[in-house]
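Report on one structure; see the data block that follows.
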Amino acid sequence: MDSINTLFLLSGFLIALSILASRLSSLFGLPLLIIFLGLGMLAGEQGVLGIQFDDYSLAFLIGHLALAMILLDGGLRTRLKTFRVGFRPALSLATLGVFLTSGIVGVLAMWVFDLTLVQGLLVGAIVGSTDAAAVFSMLSGRGINLNERVGATLEIESGTNDPMAIFLTIMLVELLVGDIGGIAQTLLFLIEQFGFGMLIGIGGGWLIARLLRSLDLAPGLYSLLALALGFCVFGLTSVLGGSGFLAIYLCGLMIGNRPGRHLNFILPVHDGLAWLSQIGLFLVLGLLVTPSDLLEYALPASLVGLALIFVARPLAVLISVKPFFKFRWREIGFISWVGLRGAVPIVLAIFPVIGGVENASLYFNVAFAVVLMSLLIQGGTISLMARWMKVEVPLGVTPNRRGPLGVLPENDYEMFVYQVDNQDLDDVPIRLLRFPSGALISALFRQHAMLHPKGSTRLMLGDVVCVIGRTDDLPALNRLFNGDAKLKRERAFFGTFTLDADALMSDVAAAYGLTLSPGEQEMSLGEFVSLRVGGHPVVGDDVGWHGIHWVVSEMEGNRITKVGLRLYQ
Amino acid sequence: MTLQTILPPERALYGVPGGSKKRVLEFFSTFIAQNTPSLDSQEVFSRLIGRERLGSTGIGNGVAIPHARSPHCKTPLAGFLKLSEAVDFDAIDGDPVDLVFVLLVPEEADDTHLALLAEVAGVMNDADTRTRLRRCESQRELHDTLIEAIDRQAQQPAPPAP
């Protein structure tokens, strides 16, 4: 009985402490995951609480559970339309990129630790993949609005590159303990990992999404069913020899991209589950490590870490993205920098321990040190880098809060809450607002009191307004409530004037005295900018031409609809 | 060539009747053709409307900056119209427009064109300037306010490009 009570007390205490400590992250700009890891270490055998924990197989199990939940949540949140620009580069990074990173780090580790080639490569393979949890939480937690090409590539990469790293790790572990099959068998294993992972993930996800949509359940059960079936997909895929991690990510993707009422119940719960997984996982990994062992490897491991950050990752990104896809140099630079390592390498480092490879503690401690460095150096500077590399796109006003009303099964009405901080709206009667026709102001709060808005009610700065409308009304509403400061920032980015992308280039050229080559005369402005950007444009792309920045300011799918005209000043 | 010199007091118009976007541009074209003998009102109008067809020059906050190149224009010209009532200009934010800064440039002066446009945009980007212009009660006051805003803008270092 005692041990159960202790378990409750300690786990509750540590998780609560982690959540409270997460406030430190915003205060000091410390990456969150470092805090969880640090707390785990503090609670561990050489820390304050002195908890003895070296059950690698339990940690291994927790690791798999947590990663599966994190990837499911990541998939649920990834919008399928971002695949338009992000999928192919991400896939290249997830395969070729991981291979290159692992190879480069591996060769260096061999030399630093005086290992055999295979042992060195195992170190490389373990730290080869970026971590979904680290990337997802860093990207969303910092209020960074990356341009779609960079954001989508990083997100999809982190969701899909684990199978490659797992494959390499398992293969090398088997090679070391001596039960590796022939080349054909190894290749088959790789194909099975990706093939079954994709097939079952997409197929299962599609079925689950349909099922969830057609079922009428108590609100709390949707998320549980999604989780349970997600685990089924993970298990089934793994049993058949595929990558469960890839499958559950794709499964989440399919579920999250089928709109419906059920998503409103699923998403918040999975957000919480993903947090719990991250906290739990990092606490456990922090508990598992022995700081004094870590110190023993500190110096050579930091060499490996630095090589990964400054040499292997940039080279791998350069080789696997730059020649095949039209990325700008600063985008390559940013993607190289955001090669965040997180839980995956540490969980992978348990493989050699479980597989009984000699010197297993080396892999674990090196992986741990590399992850720590990556989180500190790369994670700590991510917003700085985003600004420096100019991969951000200004974000206009969005509702402070929004939520579905839950009255209609499809295309439901939502409630949007805005605060009035646009100078131009001060003292304006509601009936003069340019409101989208389907939306209405349902309540207006002023100094904690609710007013009944009428057409003649005049808005005041600081008012909180509840609007009922549909998702389609959102752009118009956002524009209406956009404050002057934000508008100015947007104008400085997208330019003062906005042209329709349908405008003919010959007309644009005539208006501004620009010279065109013969083929360009018949193009529309959108086609012209698209061509100059090369392939898939995203909002925020700009083309310098004739002393003007032509900035993509609005898109519909793969088509540019509005182009901003930013003048050099 | 500075913005101040191409905007003489008689081209800052106060209380211009609105009506519609087309009427406002028509009004300006007729006015500028009378004011500047080399210009033809029909030609100016079609150039300005031609530019609007590529995308409205309404930049938001009730401001529009119609602009065009004209072969008959010898030197850059600016005009300012304060409308008596705001008109729908298909502006980017959908708000009706009551402050209109028009710019006409000769065909060969392309770099000047862009520099002047950037300057005008900078002046009209300032919320304070817009408020003051809206409060003006006479043509004289309007011109003084504009020139003062342009001077102020010229002294400020250009905002860093993002």
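The values are calculated or read from the model by the stated rules, or taken from the named source; none is laboratory data. If you're wondering where the values come from, they're calculated on a predicted model, not measured in any experiment. Cβ sites come from the backbone with ideal geometry, for glycine too, and all protein chains shown count toward neighbours. Heads up: the accessible areas ignore ligands, DNA and RNA and are worked out on the full protein's heavy atoms, side chains in. Shrake-Rupley method; radii C 1.70, N 1.55, O 1.52, S 1.80 Å.
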Among residues of segment A:458-486, those that are surrounded by 18 or more Cβ atoms within 10 Å (Cβ to Cβ) and free of Cβ contacts under 8 Å to residues at least 12 places away in the same chain, counted
0
Top-ranked residue of segment A:337-361 - restricted to ones that are part of a helix (DSSP H, G or I) and open to solvent by 10 Å² or more (accessible area, probe 1.4 Å), ranked as modelled with the highest pLDDT:
A:337
Looking at this structure, is residue B:122 within 13 Å of chain A (Cβ to nearest Cβ), closer than 29 Å to residue A:509 by Cβ and at pLDDT 85 or above?
yes
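Would you point out which residue out of A:440, A:432 is surrounded by 12 or more Cβ atoms within 10 Å (Cβ to Cβ) and within 12 Å of another protein chain (Cβ to nearest Cβ)?
Just one listed residue meets the conditions, A:432.
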Out of segment B:61-112, which residues are touching a Ser or Thr at 6+ places or on another chain (Cβ under 6 Å), open to solvent by 30 Å² or more (accessible area, probe 1.4 Å) and within 13 Å of chain A (Cβ to nearest Cβ)?
B:90, B:92
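Okay, residues lined up against (1) loosely packed, with under 14 Cβ neighbours inside 10 Å; (2) among the β-branched types (Val, Ile, Thr); (3) farther than 30 Å from residue A:491 by Cβ; (4) within 14 Å of chain B (Cβ to nearest Cβ):
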{"residue": "A:366", "(1), (2), (3), (4)": "no, yes, yes, no"}
{"residue": "A:382", "(1), (2), (3), (4)": "no, yes, no, no"}
{"residue": "A:391", "(1), (2), (3), (4)": "no, yes, no, yes"}
{"residue": "A:397", "(1), (2), (3), (4)": "no, yes, no, yes"}
{"residue": "A:406", "(1), (2), (3), (4)": "yes, no, yes, no"}
Selection count, segment B:41-59, where residues are more than 8 Å from every other protein chain (Cβ to nearest Cβ) and part of a loop (DSSP other than H, G, I, E, B):
0
Quick one: would you say residue A:491 is within 9 Å of chain B (Cβ to nearest Cβ), of a type in the set (D, E, K, R) and within 25 Å of residue B:69 (Cβ to Cβ)?
yes
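From A:551, A:543, which residue is within 12 Å of chain B (Cβ to nearest Cβ), assigned to a strand (DSSP E or B) and touching a helix residue (DSSP H, G or I) at 6+ places or on another chain (Cβ under 7 Å)?
Exactly one of A:551, A:543 is within 12 Å of chain B (Cβ to nearest Cβ), assigned to a strand (DSSP E or B) and touching a helix residue (DSSP H, G or I) at 6+ places or on another chain (Cβ under 7 Å), namely A:551.
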Scan segment A:512-534 and tell me whether some residue there is buried (at least 21 other Cβ atoms within 10 Å of the Cβ), β-branched (Val, Ile, Thr) and part of a loop (DSSP other than H, G, I, E, B).
no
Of (1) more than 8 Å from chain B (Cβ to nearest Cβ); (2) of a type in the set (A, V, I, L, M, F, W, C); (3) open to solvent by less than 40 Å² (accessible area, probe 1.4 Å), residue A:504 satisfies every one except (3)
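Only one of A:304, A:289 is in contact (Cβ under 8 Å) with a residue 24 or more places away in the chain and within 30 Å of residue A:16 (Cβ to Cβ). Can you tell me which?
Matching residue, one of A:304, A:289: A:289.
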Cβ-Cβ under 7 Å pairs, at least 6 apart or on other chains, segment A:399-413 side at negative phi, far side in a loop (DSSP other than H, G, I, E, B) and loosely packed, with under 12 Cβ neighbours inside 10 Å
A:412/A:405; A:413/A:405; A:413/A:407
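Of all the helices (runs of 4 or more DSSP H) wholly in segment A:189-303, which have at least 1 residues that are in contact with a strand residue (DSSP E or B) (Cβ under 9 Å, 6 or more places away or on another chain)?
A:261-288
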Where a residue in segment B:88-100 is more than 16 Å from residue A:436 (Cα to Cα) and its partner, wherever it lies, is crowded, with 20+ Cβ neighbours inside 10 Å and of a type in the set (S, T, N, Q), with Cβ under 8 Å and at least six apart
B:89/B:56; B:89/B:57
